[in-house]
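The values are calculated or read from the model by the stated rules, or taken from the named source; none is laboratory data. Just so you know, these numbers come straight off a predicted model, no measurement behind them. Positions of Cβ are generated from backbone atoms using ideal geometry, with glycine treated the same way; all protein chains shown enter the neighbour counts. Only protein heavy atoms, including side chains, enter the accessible area calculation; ligands, DNA and RNA are left aside. Shrake-Rupley method; radii C 1.70, N 1.55, O 1.52, S 1.80 Å.
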Amino acid sequence: MSNSAESSPARQYTPGRLHRIENTVMTALTRAGVVPHSYVLTTRGRRTGLLRHNPVLIVEHDDRRWLVAPYGAVGWVHNARAAGRVRLVRRRTGSDYLLREVSDVEAGPVLQRYIQIASATRKYFAATRDDPVEHFVAEAERHPVFELLDPATD
């Protein structure tokens, strides 16, 4: 049985000082490799050109790797869209990826898997862990999902 009807609506993400402090701490822990499934995402600022770093969880689903934006279209999402590529680092090992933003239908199962492993961000989703994939498809436009692709060799 689904808990969506009983649960409160998804919380809206509003960045603030506490979130910046959490981001800094999580980035350090992620760089050290102590947070499972986590990487430091590096994007280039679309306006400033400066490198930006954010901790992210990578979802492995259907033998592919996915990058999920649980807080919506925040800064790193805009930067990633503009560049079409990102860098992921874990324990001093980094890889570059091309991105493909996916449709809501394709994002649904990835989001469903995401909240299984990302307990800290569940409050930003209206769908719950036990909901069917259709509930995740319905809210996918609020949580951009990107497939990570190996960069084309030149």
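Just so you know, in region 82-91 the residues that are in contact (Cβ under 8 Å) with a residue 24 or more places away in the chain and closer than 24 Å to ARG31 by Cα include one that is most open to solvent (accessible area, probe 1.4 Å), and it is ARG91.
Among residues of region 32-44 that are over 24 Å from GLY75 (Cβ atoms), those with a beta-carbon under 6 Å from a residue that is at pLDDT below 90 and outside any loop (DSSP other than H, G, I, E, B) at least six positions away or on a different chain give the pairs GLY33/ARG90. Tell me, which residue of region 56-81 that is on the phi < 0 side of the Ramachandran plot and part of a loop (DSSP other than H, G, I, E, B) is nearest to the chain's Cα centre (by Cα)? Here the answer is ALA69.
Let's see how each residue does on (1) open to solvent by 40 Å² or more (accessible area, probe 1.4 Å); (2) not in a strand (DSSP E or B):
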| site | (1), (2) |
| --- | --- |
| SER95 | yes, no |
| LEU99 | no, no |
| GLU106 | yes, yes |
| LEU111 | no, yes |
| TYR114 | no, yes |
| ALA120 | yes, yes |
| ALA126 | yes, yes |
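Just one of ALA32, ALA107, ALA69, ALA82 is over 25 Å from ASP150 (Cβ atoms) and either out of contact with any strand residue (DSSP E or B) (no Cβ under 6 Å at 6 or more places or on another chain) or not charged (D, E, K, R) (or both); which is it?
Working: ALA107 fails: over 25 Å from ASP150 (Cβ atoms); ALA69 fails: over 25 Å from ASP150 (Cβ atoms); ALA82 fails: over 25 Å from ASP150 (Cβ atoms).
Just a single option satisfies the conditions, and that option is ALA32.
Looking only at residues in region 128-154 that are under 28 Å from ALA82 (Cβ atoms) and in a loop (DSSP other than H, G, I, E, B), the one that is farthest from the chain's Cα centre (by Cα) is ASP154.
For region 13-22, check the following and say yes or no: at least one residue is loosely packed, with under 11 Cβ neighbours inside 10 Å, of a type in the set (Lys, Arg) and at pLDDT below 75.
Initial filter on region 13-22 (loosely packed, with under 11 Cβ neighbours inside 10 Å): 14, 16-18, 20-21.
Right, trim to of a type in the set (Lys, Arg) and you get 17, 20.
Then keep just the ones that are at pLDDT below 75; that gives 17, 20.
Yes, there is a match, as at least one residue in region 13-22 is loosely packed, with under 11 Cβ neighbours inside 10 Å, of a type in the set (Lys, Arg) and at pLDDT below 75.
The set of residues in region 29-55 that are open to solvent by less than 10 Å² (accessible area, probe 1.4 Å), part of a strand (DSSP E or B) and closer than 23 Å to ARG113 by Cα comprises SER38, VAL40, LEU41. Screening PRO70 with (1) surrounded by fewer than 18 Cβ atoms within 10 Å (Cβ to Cβ); (2) closer than 17 Å to ARG142 by Cα gives one miss only, at (1).
Right, ALA138: without any contact (Cβ under 8 Å) to a residue 40 or more places away in the chain and among the aliphatic types (A, V, I, L, M) or not?
yes
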